[in-house]
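The values are calculated or read from the model by the stated rules, or taken from the named source; none is laboratory data. This one's a predicted model, so the numbers in the text were calculated from it and none came from an experiment. Cβ atoms come from the backbone with ideal geometry, glycine included; neighbour counts cover every protein chain shown. Quick note on the areas: whole protein, heavy atoms, side chains included, nothing else; ligands and nucleic acids left out. Shrake-Rupley method; radii C 1.70, N 1.55, O 1.52, S 1.80 Å.
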Amino acid sequence: LGILSIPVTIIGVIGLTNAINMIDGIDGLAPAIVLLAITGLVFFNVTQEFSPFTCLLLAVASALLPFIIFNIAPYPKIKVFLGDGGSLFLGYIISWALIYSAENINNFTPSFALWCVAIPLFDLFTVIILRIVKKHSLMIARKDHIHHLLGNLGFSKTLTLLVIVSSGLAMLLIGTLIENYLPNLSFSVFLISFLFYLFIRVYKNSEKKVERC
């Protein structure tokens, strides 16, 4: 991107950092999404020796695993929370980890970085588009994220967590397969997948308007 690489990188870091923060709407979701991204990063380098970068990712993952257990625990006395500071920190860490990988690791493409965090990116861009269309403020929190959609459909918080994390894992596996066999189509397929998700969200939103009428 030449001279545009710096502002695009800054926008990317800020965007993904906030995407992780915005998707932190139910217990365990944000750390599980970050853990999926770390899994993709580590798995991609499984054939290489353990570098300090990989060890750092494994250290973050080892902290996230017990945190998720206590975060989704149903007992108030042992329950812990992430908070905005925690979710923003995780978003910042994973955004720079993806940028570092795309710049320094052989065959790790920017398109595969997108697959690692597909769910929060889909959610972020969809929410922005829907709010612009509805002329709502982008800065005010609203119940228009993916976990709110599933909740409105009658999904419990546990089932919502499982569905979103499973979808993230499926996207990661699809991205891995495409990167290995059809790398030239990776970004195109990612974009088509996003447009399909956006269509579903717009359709569900139009259904709500019809019901209110």
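Annotations for the structure displayed:
- Three-way shape label, the stretch 1-127, alpha-carbon gyration tensor, a/c 1.5: oblate
- Mean Cβ count within 10 Å, highest first, over the residues of peptides 151-162, 167-178: 167-178, 151-162
- Vicinal HN-Hα couplings computed from phi for the stretch 83-89 (Karplus, 6.51 cos²θ - 1.76 cosθ + 1.60; Hz; Gly/Pro x): x, 4, x, x, 5, 5, 4
- Secondary-structure-derived ellipticity at 222 nm for the chain, considering helices only, amounts to -25000 deg cm²/dmol, per-run term -39500 (n - 2.57) for DSSP H runs with n ≥ 4.
- Portion, in percent, of the accessible area of the chain that falls on carbon or sulfur, probe 1.4 Å: 71
- The slack in the chain from TYR181 to HIS148, taken as 0.36 nm per residue of separation less the alpha-carbon distance, amounts to 8.3 nm.
- Alpha-carbon centroid distance for the pair the stretch 42-119 / the stretch 152-198, whole angstrom: 17
- In a simple Cβ point-charge model (Lys, Arg +1; Asp, Glu -1; nothing else charged), the stretch 63-153 has a dipole of about 440 debye relative to its Cα centre.
- Accessible area expressed per residue, the chain, with surrounding protein chains retained (probe 1.4 Å, Å²): 59
- For the stretch 53-144, the Cα-based Rg and Dmax, in that order, read 16.6, 46 Å.
- Rg to Rh quotient for the chain, alpha carbon positions, Kirkwood Rh: 0.97
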